[in-house]
Structures are given as C-alpha cells and as structure tokens.
Amino acid sequence: MPNPKRRHSKSRTRKRRSHDALKTPQYYLDKDTGEPLQPHRIDPKTGMYKGRKILDVKEEV
C-alpha cells in the first residue's frame, strides 16, 4: 500500500473531518398523540403508517 511522503496540513485534515460531526435526528410531532416520531417509520405504539393500520400491536400487561 502506498504511504504518504509528506504529512497533511492541519487545515486539510480539519476540512476532511468537518463532515464527521453527528447531526441531530429529525422528527415530527404526531397529529393524534403529539409525540415526536421519526419520519417514514411505523408508529410502534399504534402500528399506523400514513394513516393506515400496518401492524397489529399487542397490549402490554
């Protein structure tokens, strides 16, 4: 494998690392319950997705 002949400058390294930062997760507030949910996911409590029933959810004891 090739090895670098010269070390990379701090600015070059920091430019590359600028894209490694963690982004805040996206969410929306549910119209019915008002809870924050991730977009494009089935609601685990109700089993609904885009207003349609997808999963049958069992009630917790």
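In table form, for the structure just shown:
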{"read-out": "Residue within region 37-58 that is touching a Ser or Thr at 6+ places or on another chain (Cβ under 7 Å) and on the phi < 0 side of the Ramachandran plot present", "value": "yes"}
{"read-out": "Number of the exception - Ser11 against (1) assigned to a loop (DSSP other than H, G, I, E, B); (2) exposed (fewer than 10 other Cβ atoms within 10 Å of the Cβ); (3) of a type in the set (S, T, N, Q)", "value": "(1)"}
{"read-out": "Pair list, Cβ < 9 Å and 6+ apart or interchain, from region 15-29 residues that are within 23 Å of Pro39 (Cα to Cα) and in a loop (DSSP other than H, G, I, E, B) to residues that are aliphatic (A, V, I, L, M) and modelled with pLDDT under 90", "value": "none"}
{"read-out": "Number of positions in region 19-31 that are loosely packed, with under 10 Cβ neighbours inside 10 Å and either modelled with pLDDT of 95 or more or charged (D, E, K, R) (or both)", "value": "3"}
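The values are calculated or read from the model by the stated rules, or taken from the named source; none is laboratory data. These figures come from a predicted structure and were not determined experimentally. Cβ coordinates were reconstructed from backbone atoms using ideal geometry, including for glycine residues, and neighbour counts include every protein chain displayed.
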